[in-house]
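The values are calculated or read from the model by the stated rules, or taken from the named source; none is laboratory data. Just so we're clear, the structure is a prediction, and the values are computed from it rather than from any experiment. For neighbour counting, all protein chains shown are included, and Cβ atoms are generated from backbone atoms with ideal geometry for every residue, glycine included. SASA here: full protein model, heavy atoms, side chains in, ligands and nucleic acids out. Shrake-Rupley method; radii C 1.70, N 1.55, O 1.52, S 1.80 Å.
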Amino acid sequence: MEKLVVADFSTFRDLKGTKLPLGEWLTVTQEMINDFAKATHDFQWLHVDIDKIKKHSPFKKPIAHGFMSVALLSKMLMDLIEIKSSKMGINYGLNKVRFPSPLLVDSKIRLHSEILAIEEYSENGLKITWNCSVEIQGQDKPACVAEFLGLMFE
């Protein structure tokens, strides 16, 4: 994967509508799922109880929390693009989020992303709307599709 490197905001503004390079594959492990459960206090059995999953789940394997795939968007985006002049970036929110397919443990995922909109935000900032789709290797449907909003400041 070749990261898209941009010098500054003036150059970045011209990239509206551009698709980012494809992300590297990331394996979703049981340890990641367990850590997310601990962080969110969401210990629903279909994520963490292996014995019950084998007995009762139609998937027969643990599935990651849907919001875990959303939480990974920031990391996956920053792996794809770097704006050299940016001093800080923060999450601003989400416009749309869907989880079309369950994300099974040990699946590999990667991000498909496009810069949907770039708006001015305060004196030295931009609000970016990213169109994101988290592909699951070997699956037709993604784990997550979202319009993800971020703020960046020079």
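From the phi angles alone, apply the Karplus equation (6.51, -1.76, 1.60; θ = phi - 60°) to the stretch 57-64 and give each ³J(HN,Hα) in whole Hz, x where the residue is Gly or Pro.
7, x, 8, 6, 9, x, 10, 6
Pairing the Cα long axis of helix 30-40 with the longest principal axis of the chain, what angle in degrees results, from 0 to 90 and rounded to the nearest 10?
70 degrees
If you place +1 on the Cβ of every Lys and Arg, -1 on the Cβ of every Asp and Glu, and leave all else neutral, what size is the dipole of the chain about its Cα centre, to the nearest 20 Debye?
Rounded to the nearest 20 debye, it is 560 debye.
Exactly which chymotrypsin sites (Phe, Trp or Tyr not before Pro) in the stretch 13-48 are in a DSSP loop and have at most 15 other Cβ atoms within 10 Å?
Hits after loop and neighbour filter: 25, 43.
Put +1 on the Cβ of every Lys and Arg and -1 on every Asp and Glu Cβ in the chain; which of 67, 77, 153 then has its Cα farthest towards the positive end of the dipole?
Final value for the positive-end residue is 67.
Amide H neighbours of residue 116 under 5 Å, at least 5 residues apart or on other chains, H built in the peptide plane: list them.
For residue 116, the qualifying residues are 17, 129, 130, 131.
Let me check I've understood the local charge: for residue 72, count other residues with C-beta under 13 angstrom from its C-beta, Lys and Arg +1, Asp and Glu -1. What total comes out?
Numbers: positive: 75, 108, 110; negative: 24, 35, 79, 135.
In short, -1.
So, R0 is 41 Å and r is the distance between the beta-carbons of residue 78 and residue 52; what FRET efficiency does that work out to, to 0.05?
Rounded to the nearest 0.05, the efficiency is 0.70.
Can you give me the Cα centroid spacing of the stretch 90-148 and the stretch 35-74 in angstrom?
So the two Cα centres are separated by 20 Å.
Net charge near residue 91: determine it from the other residues with C-beta under 12 Å of the C-beta of residue 91, scoring Lys and Arg +1 and Asp and Glu -1.
+2
May I ask for the net charge around residue 136, where only other residues with Cβ less than 15 Å from the Cβ of residue 136 are counted and Lys, Arg are +1 while Asp, Glu are -1?
It works out to a net charge of +1.
Show me, bin by bin at 10 Å from 0, the whole-percent P(r) of the stretch 1-116 based on Cα pairs.
Bin by bin from 0 Å, the calculated values are 12, 37, 29, 16, 5, 1.
Which whole-number value in Å² is the accessible area per residue of the chain, probe 1.4 Å?
Here the residues of the chain average 56 Å² of exposed surface.
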